[in-house]
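Reviewing the structure listed below.
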Amino acid sequence: MHTETLAIHAGRLIDPTTQAVTSPIVLSTTFRHAPDGTLYSPYLYTRYDNPNRAALEQCLAELEGAYQGIAFASGMAAAMAVFHTVLKPGDHVLIPEDCYFTIRRLLREIYAVWGIEYSLVDMTSSDAVRAALRPTTRLVWIESPSNPRLLLTDIAAVAEIARSVSAYCVADNTWATPLLQRPLELGCDAVIHSTTKYIAGHSDVLGGIVLVREEGRLYERLRTYQHVAGPVPSPFDSWLVLRSISTLPQRMKVHCDNALRLAEFLSSHPKVDKVHYPGLRKNPFYALATRQMKGFGGMLSFEVHGGYEAAIAVCERTQVITCATSLGAVESLIEHRASIEGADSPTPQGLLRMSVGLENYTDLQDDIAQALDAAP
Ligand SMILES: *Cc1c(COP(=O)(O)O)cnc(C)c1O
């Protein structure tokens, strides 16, 4: 079946007792079993498994072409599940220089005390990845497109490098979604998503998932971590995310269309020095994007002429586009990333990141145009 159909039908069952077409939310934390422990259903206790979580995991596994999905309470909980599962003290991790900044914080503020080392690498270059490997490198973490500069990594090439030294290769596919990019087919061992973003798509629920390519030790360890450590999503959160997936393929089309048009408009604007969007023909990643992605996505960033002051002035003046963090939802958001990332942020001071929403395109262009016109 095609992705639009899977998004609506995968993981869904007509409820056998009520014939409800939309699955009921099963809030019960515990499920009746026989006195000798034999289960009457697939369920025992909601930390181990729950019908709403199982349905979400099955749907995303089918969309991503994965063996199984293991759902978590947030994207960071999903990332942490991977780190906890594959790393031990003394191991080394490669992460991209341009990376979701909380991944950097996780390594610096949480894992450093456990003796786990990491290097920030320019993942746009396979040579840089090869040069950063150590005998202890156990995990290569890819984020493509990257946050916030929309740099692309050649996923197949980096996965091959990781395989050549028996390191795991895991891709954060949050910005692309399974609709636009399928890293497991390009050789990654697992993919993570912050389902908080495009997959849920309405800025009203947090979630995360790890999707693994095949049966085996990595899958077993992740499932055990989920059951034993317990950072699981609630039945209601699982239900909300699954409900939203029904419209994900259609939402992604509009996100991509609106973002490409806005990127083209911004590239010819006199107050904009630079636009970061892989769908622009002059973008250095255009050829790679057409090869490894099915669409260029709904995220872009641009550098306003005049640096910090000019960028802040634009954020102050947008009316349709809200100044807020996060991304991937129906409404457009804009943000001065360097302010959010803090003192050690490598992000340029004039850079604004935009999550292009599903509003009418002309309204978005008019809004950004009037905000830029008013900037110093
Ligand atoms: C938001 C985000 C995360 C973290 O997800 P949460 O759901 O906020 O925990 C990880 N990676 C990327 C690329 C993100 O955008």
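The values are calculated or read from the model by the stated rules, or taken from the named source; none is laboratory data. What you see is a predicted model, and the numbers here were worked out from it, not measured in a lab. All Cβ positions, glycine included, derive from the backbone under ideal geometry; neighbour counts span all protein chains shown. Heavy atoms of the whole protein, side chains included, go into the accessibility calculation; ligands, DNA and RNA do not. Shrake-Rupley method; radii C 1.70, N 1.55, O 1.52, S 1.80 Å.
Some observations on this one:
- Length-normalised contact order for the stretch 239-325 - Cα pairs under 8 Å, 6+ apart - percent: 27 percent
- Solvent exposure, largest accessible area first (probe 1.4 Å, DNA, RNA and ligands not counted), of S268, S144: S268, S144
- Value at 222 nm in deg cm²/dmol, rounded to 500, when DSSP H runs of n ≥ 4 in the chain each add -39,500 (n - 2.57): -11000 deg cm²/dmol
- Separation between Cα centres of the stretch 209-223 and the stretch 321-364, rounded to whole Å: 33 Å
- Crossing angle, helix 155-164 versus the chain [Cα axis fit, 0-90 degrees, rounded to tens]: 60 degrees
- The chain: most fluctuating residue of G297, G207, G37 per GNM, C-alpha cutoff 10 Å: G37
- Seen against the Cα atoms of the chain and their longest principal axis, helix 51-64 is set at about 50 degrees.
- Residue among L94, L351, L280 with the largest mean-square fluctuation in a Gaussian network model of the chain, springs linking Cα atoms under 10 Å: L280
- Qualifying trypsin sites (Lys or Arg not before Pro) for the stretch 18-54 [loop in DSSP, other Cβ within 10 Å: at most 10]: R32
- Accessible solvent surface per residue of the chain, calculated while the other protein chains remain in place, 1.4 angstrom probe, Å²: 42 Å²
- Karplus-derived 3J(HN,Hα) values for the stretch 314-326, using 6.51 cos²θ - 1.76 cosθ + 1.60 with θ = phi - 60°, are 5, 4, 5, 9, 5, 10, 7, 8, 8, 7, 7, 7, 6 Hz; glycine and proline are entered as x.
- Candidates H33, H227, H193, ranked by Gaussian network fluctuation over the chain, Cα under 10 Å, top entry: H33
- Note on the chain: percent of Cα-Cα distances in each 20 Å bin, starting at 0 and stopping at the bin with the largest distance, equals 29, 56, 15, 1.
- Heavy-atom accessible surface of the stretch 1-157: percent carbon and sulfur, 1.4 Å: 58 percent
- Close amide H contacts of K274 (hydrogens built in the peptide plane, cut-off under 5 Å, sequence separation of 5 or more or a different chain): E303.
- For V121, the amide hydrogen comes within under 5 Å of the amide hydrogens of I95, E97, counting only partners 5 or more places away or on other chains and with H modelled in the peptide plane.
- The stretch 1-62 versus the stretch 150-166: alpha-carbon centroid distance in Å: 35 Å
- Accessible carbon and sulfur surface of the stretch 160-303 relative to its total accessible area, %, 1.4 Å: 53 percent
- Taking 19 Å as the straight-line reach from the Cα of K88, the aspartates and glutamates in range (excluding those fewer than 8 positions away in the same chain) are E109, E117, D189, E220.
- Loop-resident trypsin sites (Lys or Arg not before Pro) (DSSP state other than H, G, I, E or B) in the stretch 260-297 with no more than 10 further Cβ atoms inside 10 Å of their Cβ: R281, K282.
- 5 angstrom amide H check on D91, placed H, neighbours 5+ away: E117
- With Cα atoms, 0 to 90° folded angle of helix 75-86 axis to the chain main axis: 60 degrees
- Relative contact order (%) - criterion: Cα under 8 Å, at least six apart; region: the chain: 16 percent
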